[in-house]
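Some notes on the structure that comes next.
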Amino acid sequence: MIPDGDQLSPDSLRSLLAAFWSDTLEIAAHRRGLTLAVPLCYPDGWQVILELSRPVPGVLRLSDHGRTLQWLEGRGQNLDKKSVQNHLRERCTTFGMRQDGIALVKELPLPLDPASLQLFAEALVGIAYLYYLHKPAERAAEVPVETIERVFAERHLSPRRNHPLDGKIETGIRVDYYLPQQHPVALQILAQRGNVRQVMEQWGFRWTDLRNAHPKLRPAMVYDPDNQRIDPQTLRIGESVCDLFCPYHETAAIHEFLGAHSIPN
């Protein structure tokens, strides 16, 4: 901080900003490469996290690991809507990135140009702001959230929202609701509309990773059968990795699940 009364100069401001950016930037190594928390935020204030890996010699792969589009889906955006797809396609073309499933990725040549990391992160924030350019999906998307929060309220539970958990492989996996009990509960509302198999395949990996790191964790997922296509494979994935996988309106089952092992830490 520049003390009150000190002369404001380019050097003092440069030093102040450099210290802030250095403190804000976090870099951690994992099996696939590096994870970077950069000094940029999504519209809700959560920091942008990038993953950098080297799939083949001479090339780096930069990815958001699906966080940006999942952020949009979690707030009711319909990514299948043509206008949203057109804006997303334009931004991907402008910033030289591509969509790989639900992840946004970009291949970078070596030696690495640090400006590429900054531009990629800024592109992710710009895509997240599509939330404000398009009317979110109809109110039906809000009903599962309201139902789950009503169940928590009926049981006098106050879960942590958008809580990060570290697996053995992936760090900072965010779950919609987390209850820190003797047998902790992590509950996720499946937000994407239409075909959700690919998203469930990703969550199958995440839940397995989290349970390997937290053996007492009790994962739960709820879905909306009126707006999501739950095929037999998707159902098998959910039931195999979750202690509870059911439609959001099966509140009796959700109450029973939350009531089991509900001993606070």
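The values are calculated or read from the model by the stated rules, or taken from the named source; none is laboratory data. Bear in mind the structure is a predicted one, so any value in this text is a computation, not a measurement. Heads up, the Cβs are rebuilt from the backbone with ideal geometry, glycines too, and the neighbour counts pull from every protein chain shown.
Observations, loosely collected:
- Residue match in region 152-160 (condition: crowded, with 19+ Cβ neighbours inside 10 Å, of a type in the set (A, V, I, L, M) and either in contact with a strand residue (DSSP E or B) (Cβ under 8 Å, 6 or more places away or on another chain) or in a loop (DSSP other than H, G, I, E, B) (or both)): no
- Subset of region 147-187 [among the polar types (S, T, N, Q) and farther than 23 Å from ALA37 by Cα]: THR147, SER158, GLN181, GLN182
- Scanning region 101-110 for residues that are at pLDDT below 90 and surrounded by fewer than 16 Cβ atoms within 10 Å (Cβ to Cβ) returns GLY101, PRO109, LEU110.
- Unique match (being farther than 29 Å from TRP71 by Cα, aliphatic (A, V, I, L, M) and out of contact with any helix residue (DSSP H, G or I) (no Cβ under 6 Å at 6 or more places or on another chain)) among LEU36, LEU25, LEU8, LEU17: LEU8
- Test: residue in region 235-254 that is more than 28 Å from ASP80 (Cα to Cα), surrounded by 13 or more Cβ atoms within 10 Å (Cβ to Cβ) and of a type in the set (S, T, N, Q): yes
- Considered as a group, the residues in region 175-198 that are farther than 17 Å from SER158 by Cα and touching a helix residue (DSSP H, G or I) at 6+ places or on another chain (Cβ under 8 Å) include one that is surrounded by the fewest Cβ atoms within 10 Å (Cβ to Cβ), and that residue is ARG197.
- Members of region 37-61 found to be within 20 Å of VAL105 (Cβ to Cβ) and over 16 Å from the mean Cα position of the chain (by Cα), listed by number: LEU52, SER53, ARG54, PRO55, VAL56, PRO57, GLY58, VAL59, LEU60, ARG61
- Number of residues in region 29-56 that are at pLDDT below 85, farther than 17 Å from MET97 by Cβ and in contact with a strand residue (DSSP E or B) (Cβ under 6 Å, 6 or more places away or on another chain): the value is 1.
- As a summary of the residue check, GLU107 satisfies the conditions (1) part of a helix (DSSP H, G or I); (2) in contact with a Pro (Cβ under 9 Å, 6 or more places away or on another chain) except for the one numbered (1).
- Filter result (over 11 Å from GLU51 (Cα atoms) and of a type in the set (A, V, I, L, M, F, W, C)) within region 20-37: PHE20, TRP21, LEU25
- Scan region 119-135 for residues that are surrounded by 13 or more Cβ atoms within 10 Å (Cβ to Cβ), at pLDDT below 90 and more than 18 Å from the chain's Cα centre (by Cα) and the total you get is 1.
- Checking HIS65 against (1) assigned to a loop (DSSP other than H, G, I, E, B); (2) more than 14 Å from PHE120 (Cα to Cα); (3) modelled with pLDDT of 85 or more, the condition it does not meet: (2)
- Of residues in region 213-229 being among the aliphatic types (A, V, I, L, M) and closer than 9 Å to ALA186 by Cβ, the one surrounded by the fewest Cβ atoms within 10 Å (Cβ to Cβ): LEU217
- Residue, nearest to the chain's Cα centre (by Cα), within region 81-104, restricted to residues that are in a loop (DSSP other than H, G, I, E, B) and not small (Gly, Ala, Ser): ILE102
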